[in-house]
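Q: So that we are looking at the same thing, I have put the structure below in structure tokens.
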Amino acid sequence: MKRVAFRVSYPPTAAHPIHRRLADTDEVSRMELLVWGPTAEVTTLSWYDAEPATVRELLTAVETAVASSTVAGDGGTYAFLHQSEYELDADVLDLVARSGVVFLPPVVFLDDGDAVFEAVGEQAELSRLYADLGDLLDTRIERVSEFRKPSSPARLTDRQQAALAAAEALGYYDVPRTGSVSDVAAELDCARSTAGELLRKAEAAVVREQLHRGGER
């Protein structure tokens, strides 16, 4: 199976109301649609690179909104939005619903009118999706790779996890560095050599996982 990253450009007439609003404000430039469902009535979870008050104002563009809530997090704002209907272009929504591929989160909507997403499927189905999308929107393929199942998270022992947490809290990973291995050892009440070994093994596991994930994209 293949994993393909698509970029499409929405004209204002086909864009979702929130996507249109992104182009009209300097306070929000990015929305990441994290969780959604292919139903007429659906609750979505999205993340915005803006403060909660700005996001709440942005959500007023959605006329079909039944309820919404926002939570600050990860340098921006998460928003739950329940709509009585998607308000996406009907032709695009129908194409997505009948496609023979799986769409991976997030779908990223940008303030220049573009949306970026990834789909997984057999080559013939992905080619058909590309052609069908091209009939409706300006569509580009940004990346093609083999699909592989996600790797298991790095397996850290409780002590390794504690060492990483202490190192981060004490400034060991700050730039410039403000904490030391000795500080970590004092926090964990262990020898400096033990703290150093815990950090090296934990860091090695995290780096291997990250490199493996990078090879999947």
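Q: Taking the options A162, A97, name whichever one is free of Cβ contacts under 8 Å to residues at least 60 places away in the same chain and not assigned by TED's automatic domain parsing to the domain that holds T70.
A: A162
Q: Tally the residues that are without any contact (Cβ under 8 Å) to a residue 12 or more places away in the chain and surrounded by 19 or more Cβ atoms within 10 Å (Cβ to Cβ), restricting the search to the stretch 177-190.
A: Total meeting the criteria: 1.
Q: Considering only residues that are surrounded by fewer than 16 Cβ atoms within 10 Å (Cβ to Cβ) and either closer than 12 Å to Y10 by Cα or touching a helix residue (DSSP H, G or I) at 6+ places or on another chain (Cβ under 6 Å) (or both), which ones fall in the stretch 92-121?
A: Selection gives G100, D112.
Q: Can you name every residue in the stretch 147-159 that is without any contact (Cβ under 8 Å) to a residue 12 or more places away in the chain and either in contact with a strand residue (DSSP E or B) (Cβ under 7 Å, 6 or more places away or on another chain) or acidic (D, E) (or both)?
A: D158
Q: Report whether or not D174 is loosely packed, with under 15 Cβ neighbours inside 10 Å, within 27 Å of the chain's Cα centre (by Cα) and of a type in the set (D, E, K, R).
A: Taking the combined requirement at face value, the residue satisfies it.
Q: Now a separate question. Sort out which residues of the stretch 1-26 are polar (S, T, N, Q) and within 19 Å of L129 (Cα to Cα), and write them in order of number.
A: Of everything in the stretch 1-26, just one residue is polar (S, T, N, Q) and within 19 Å of L129 (Cα to Cα), namely S9.
Q: On to the next question. Restricting the search to the stretch 25-58, which residues are closer than 18 Å to A79 by Cβ and charged (D, E, K, R)?
A: The answer is E27, R30, E32, E41, D49, E51, R56, E57.
Q: Among residues belonging to the stretch 44-58 that are under 13 Å from the mean Cα position of the chain (by Cα) and under 10 Å from L33 (Cβ atoms), point out the one that is surrounded by the most Cβ atoms within 10 Å (Cβ to Cβ).
A: Across the stretch 44-58, the extreme among qualifying residues is S46.
Table: residues versus (1) more than 24 Å from D138 (Cβ to Cβ); (2) assigned by TED's automatic domain parsing to the domain that holds E118; (3) among the charged types (D, E, K, R).
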position: H19; (1), (2), (3): no, yes, no
position: E32; (1), (2), (3): no, yes, yes
position: W47; (1), (2), (3): yes, yes, no
position: T70; (1), (2), (3): yes, yes, no
position: Q83; (1), (2), (3): yes, yes, no
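Q: Could I ask something else about it? If you scan the stretch 8-17, which residues turn out to be under 24 Å from V101 (Cβ atoms) and either surrounded by fewer than 17 Cβ atoms within 10 Å (Cβ to Cβ) or not assigned by TED's automatic domain parsing to the domain that holds D138 (or both)?
A: S9, P11
The values are calculated or read from the model by the stated rules, or taken from the named source; none is laboratory data. On a predicted model such as this, the values are computed, not experimentally measured, just so you know. Cβ coordinates were reconstructed from backbone atoms using ideal geometry, including for glycine residues, and neighbour counts include every protein chain displayed.
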